[in-house]
There are 2 protein chains.
Amino acid sequence: MRVDIRTAAGLLKAHDNILFICHSNPDGDTIGSAFALCGALDRLGKKCRVSCYDRIPAMYSFMSDIPQSEVPQPEYLVAVDVADLDLIGPDEFSASFAGKIDLCIDHHASNTFYAENTCLDEDAAAAAETVLLILGELGVKPDKDIAECIYVGLSTDTGCFRYSNTTARTLRMAADMYDIGIDVTMINKVMFETRTKSYNILESMALGGIRISDDGKYAVITVTREMLDVSGADENESHALKAIPREIEGVLVGATMTEQKDGDFRVSLRSNAPADASAICSKMGGGGHIRAAGCTIAGPYEAAYATLTGHIEEEIARATANDR
Amino acid sequence: MRVDIRTAAGLLKAHDNILFICHSNPDGDTIGSAFALCGALDRLGKKCRVSCYDRIPAMYSFMSDIPQSEVPQPEYLVAVDVADLDLIGPDEFSASFAGKIDLCIDHHASNTFYAENTCLDEDAAAAAETVLLILGELGVKPDKDIAECIYVGLSTDTGCFRYSNTTARTLRMAADMYDIGIDVTMINKVMFETRTKSYNILESMALGGIRISDDGKYAVITVTREMLDVSGADENESHALKAIPREIEGVLVGATMTEQKDGDFRVSLRSNAPADASAICSKMGGGGHIRAAGCTIAGPYEAAYATLTGHIEEEIARATANDR
């Protein structure tokens, strides 16, 4: 059932022993949103905890200031920024949650409504916007710690207020977080302005192997396990690469293929209008937003590359035909 | 004489045949601020024009929607975002304005008060913030064209709301510009998300030659005339490189040295706390802000490099000694 902000807040208030669940390969929005909710519900005297299949990246370690309780027997499961059940973790792990997610708070138009109740705002640039509104309904005014979590969510999904999903509301919410006194300098630095030496090497290798279509309309960067080993970068560090292919002059679709340990390729797609990234990825079992989406394709590499570029070419042809 | 926003607005209203002067090697703040003022004064029935020694970069061609009059005999000279007279152009050109600038609207703490009247807000992230307040005093509500100019100024100097000079006010001003209906997607793309093929080549060459100090506390990228020739990039395209050296993990001062046609090196410095970029540059006749500043050093290259790194090392030693 689809619920509004007020109802979602009511549902949270009515329950205890709450688990806030992030998607796997967590980004700042799922993490920041989950920790913000956890901090807020803790203020209301609830026992709650953040849970993620993957390790929370070290750059977000400052969020450990948010109190977390032991919740050995969760009574209420809340998925945050999770568009589909299978984004929670590997197949068997995700499947264990089937029919058990009580509430989903999200902003992906591709949400599959797997939860009992879904609070969905497809116009929100980040789940953190929806979470901030819920906090308002809960009567919780964010303190510095909660505000930093919200800010991380807002800035992650907008590429620090650069992507086209940014709205006036996003900026005003960020301004409100500034007023609370967040350490923006620290946060922006770790999120957007830290190039490790290993990232520099990885970027050099990945950029060196960039593949641009003959007509220049799409570009693909590939990150192999070997590149990660040689550079010393871990997969979390490679996220900054994903912004690059789309930025190349003339490109409508930019993709990054990252080789997984099991030989699959996790694909991150970014598009420029009029190409629809979510449409491309949903053809391969994934989804997301119109300008940013993802999916996973089985290896080996050249077969995965052929599958991916085939769908990209179809979408570009469709989108640009409509343009004429 | 130092004047406030209201007085600056009164001075503009009281004059006609106004020239708004940008600094040379113009950035989005000097350009956007000047065009915004020009558009506003045009609305008030004044004859005004934007003037810059250098060509306005093509990425800002959309600002040609702002009406400009012929002003063959300027009666009122207004420097916008210009901290010092010698930033207007080459020596002889700048010197011709000595004692002739009637009003300066600026935000650099290093402003040398060369103008008859100076409206200076050192806390503003961009001159565009001050300009927007002046527009308020003038009773001019920005239309889409003026709002786009303001937005360019705000986003340029904050690196799209990423740098530590960003404030809640900056974000709210940007949100107000969004509400007016600016084409943010287009603007952000041309300003922040367009990598030309020539830039990609230039970046690869420049990054390849990056020099990092033994202690890892500063890094210098050099852009030579030869690199520009070989890559096909023009100097305007190289601005994105300037963000890179500071981003390297552990670096306190990042510098970009760009070779000029006359053999001098234009230096762009970015620092992390506690290093003061403006302090370093003012030792070499330049200036700017605490985290971003510039200067010009005479060639040849190795001598210029030695001069620059000597001052960088002094500032790092001073700043980190105070830190203990």
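The values are calculated or read from the model by the stated rules, or taken from the named source; none is laboratory data. Only a predicted model underlies this, so the values are computations on that prediction, with no experimental measurement involved. Neighbour counts are summed over all protein chains in view; Cβ atoms, including those assigned to glycine, are modelled from backbone coordinates with ideal geometry. Just so you know, the surface numbers come from the protein's heavy atoms only, side chains and all, with ligands and any DNA or RNA stripped out. Shrake-Rupley method; radii C 1.70, N 1.55, O 1.52, S 1.80 Å.
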Tell me which helices (runs of 4 or more DSSP H) are completely within the stretch B:169-261 and hold 3 or more residues being open to solvent by 50 Å² or more (accessible area, probe 1.4 Å) and either within 13 Å of chain A (Cβ to nearest Cβ) or touching a helix residue (DSSP H, G or I) at 6+ places or on another chain (Cβ under 8 Å) (or both), or say none if there are none. B:184-192, B:197-208
Kindly establish whether residue A:137 is assigned to a helix (DSSP H, G or I), over 18 Å from the mean Cα position of the chain (by Cα), within 10 Å of chain B (Cβ to nearest Cβ) and of a type in the set (Asp, Glu). no
Would you confirm, using the coordinates I've provided, whether residue A:313 is more than 23 Å from the chain's Cα centre (by Cα), open to solvent by 60 Å² or more (accessible area, probe 1.4 Å) and free of Cβ contacts under 8 Å to residues at least 24 places away in the same chain? no
Residue A:161 fails exactly one of the following numbered conditions: (1) modelled with pLDDT of 95 or more; (2) within 25 Å of residue A:258 (Cα to Cα); (3) in contact with a Cys (Cβ under 8 Å, 6 or more places away or on another chain). What is the number of that condition? (2)
Complete set of residues in the stretch A:32-49 that are buried (at least 24 other Cβ atoms within 10 Å of the Cβ) and either not assigned by TED's automatic domain parsing to the domain that holds residue A:152 or not polar (S, T, N, Q) (or both): A:32, A:34, A:35, A:36, A:37, A:38, A:39, A:40, A:41, A:48
Of all residues in the stretch A:83-125, how many are of a type in the set (Gly, Ala, Ser), open to solvent by 70 Å² or more (accessible area, probe 1.4 Å) and within 14 Å of the chain's Cα centre (by Cα)? 1
Could you tell me how many of the residues in the stretch A:140-168 are at the interface with another protein chain (Cβ under 8 Å from one of its Cβ atoms) and not in a loop (DSSP other than H, G, I, E, B)? 1
Restricting to the stretch A:262-305, name every residue that is assigned to a loop (DSSP other than H, G, I, E, B), touching a helix residue (DSSP H, G or I) at 6+ places or on another chain (Cβ under 7 Å) and within 14 Å of residue A:163 (Cβ to Cβ). A:272, A:289, A:290, A:291
What's the number of the condition residue B:287 fails, among (1) surrounded by 21 or more Cβ atoms within 10 Å (Cβ to Cβ); (2) within 30 Å of residue B:198 (Cβ to Cβ)? (2)
